[in-house]
Amino acid sequence: MSPTMVVVADGAKARFFTVQTAETSKNKSSPALIENEVLVNPDQDLPGQELFSGPQSQAGHHQQGKGPAYSYDDHRQQHALEYERRFAQEITEQILTRTRIYQIQELILIAEPRILGLLREVLTPSLPKTLVLNELNKNLCHLNHQELHEYLVKKDLLPELKKASR
């Protein structure tokens, strides 16, 4: 099996896995899905109130003198999209670095729809032409490594886990 990396992402975090075979690992079962790193989007950790509050926009209202208050659009959706775009760029940089260092030949990219779209924008043009890319439009960040492996086996993206004989 060629060197494979699995990346699972949502708006809050990205998890990076490598697939280790019996030849590359002393693991008792093969292939094993090994989690290497977790990136956390710091902007997703802030509650909306902290993220968008400031002296100019306490509640999305502006009051001038003693007249009536009026609402204004503080472009929260655009800001949220920009935070996700920055996170997608950070994920892309990590993927490209790992691809070079570990000579990855196959990438399985699993992400919720909006993040997957943002990743496609920045990642796809930068990937080596020889790299095989498989995408899944799904949020699987909540799965542990074993559940994720089983899911990918069902989707025919990874071979079934085989126990080593004694």
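All of the numbers you see were taken from the coordinates with simple rules; none came from a lab. What you see is a predicted model, and the numbers here were worked out from it, not measured in a lab. Cβ sites come from the backbone with ideal geometry, for glycine too, and all protein chains shown count toward neighbours.
Quick notes on this structure:
- Most to least packed among 113-124, 150-161 [average Cβ atoms within 10 Å]: 113-124, 150-161
- Over the stretch 107-166: Rg over Rh, Cα atoms, Kirkwood Rh: 1.06
- 3J(HN,Hα) along the stretch 94-100: 5, 4, 5, 4, 5, 4, 5 Hz, from the Karplus curve 6.51 cos²θ - 1.76 cosθ + 1.60 with θ = phi - 60°, whole Hz, x for Gly and Pro.
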